[in-house]
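A.B. asks: Before I ask anything, let me first share the structure, which is written out below as structure tokens.
The values are calculated or read from the model by the stated rules, or taken from the named source; none is laboratory data. Keep in mind that this is a model prediction, so the values were computed, not measured. Methodologically, a virtual Cβ is constructed for each residue, glycine included, from the backbone with ideal geometry; neighbour enumeration extends over all protein chains shown.
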Amino acid sequence: MHPRRTALLSFVLDAVLVVAFAATGRASHDEAVLPGLLVTAWPFLVGLVAGWAVTLAWRAPMRPLRTGLGVWAVTVAGGMLLRAVSGQGVVLAFVVVAAVVLLIALIGWRGIAALIRSLRRRRATTA
């Protein structure tokens, strides 16, 4: 796959996972998902964009640790900072849940992709 396309698809997947996190959180608190989804998601989406910029993620968008860990850290930290500044709640339990869920999401898919790539390479060399 072309590197630009890989980067674009990786960013889109990250954004979809961040929005899914926000939607799931709203639903789990019996809040209407669609009306407030943007309010809940925007701090983390801005954090995601910052994470991509800080880590230069487009250079190696699918690397779990080099890219995923940095994108995750900036997404969570930036998202929480923007939530606090915008008057949205930032309680410890939410920070922990958000950090864990986004860790699994943003690093998890990259880890699975790396495993699949490794298995494919191994099969190609033994075939």
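A.B. asks: Do you know which of the residues in segment 82-102 that are over 16 Å from the mean Cα position of the chain (by Cα) and of a type in the set (V, I, T) is nearest to V49 (Cα to Cα)?
C.D. replies: Checking each candidate, the answer is V85.
A.B. asks: Taking only pairs six or more apart or across chains, which ones have beta-carbon atoms under 7 Å, a first residue in segment 50-66 that is more than 15 Å from V18 (Cβ to Cβ) and polar (S, T, N, Q), and a second residue that is modelled with pLDDT of 95 or more and assigned to a helix (DSSP H, G or I)?
C.D. replies: Short answer, once both residue conditions are applied: T55/T67; T55/G70; T55/V71.
A.B. asks: Return the residues of segment 80-127 that are surrounded by 10 or more Cβ atoms within 10 Å (Cβ to Cβ), hydroxyl-bearing (S, T, Y) and part of a helix (DSSP H, G or I); say none if nothing qualifies.
C.D. replies: Correct list: S118 only.
A.B. asks: Let me spell it out: the conditions are (1) surrounded by 15 or more Cβ atoms within 10 Å (Cβ to Cβ); (2) in a helix (DSSP H, G or I); (3) without any contact (Cβ under 8 Å) to a residue 12 or more places away in the chain; (4) not small (G, A, S), and V12 meets all of them except one. Which number is the exception?
C.D. replies: Among (1) surrounded by 15 or more Cβ atoms within 10 Å (Cβ to Cβ); (2) in a helix (DSSP H, G or I); (3) without any contact (Cβ under 8 Å) to a residue 12 or more places away in the chain; (4) not small (G, A, S), the lone unmet condition for V12 is (1).
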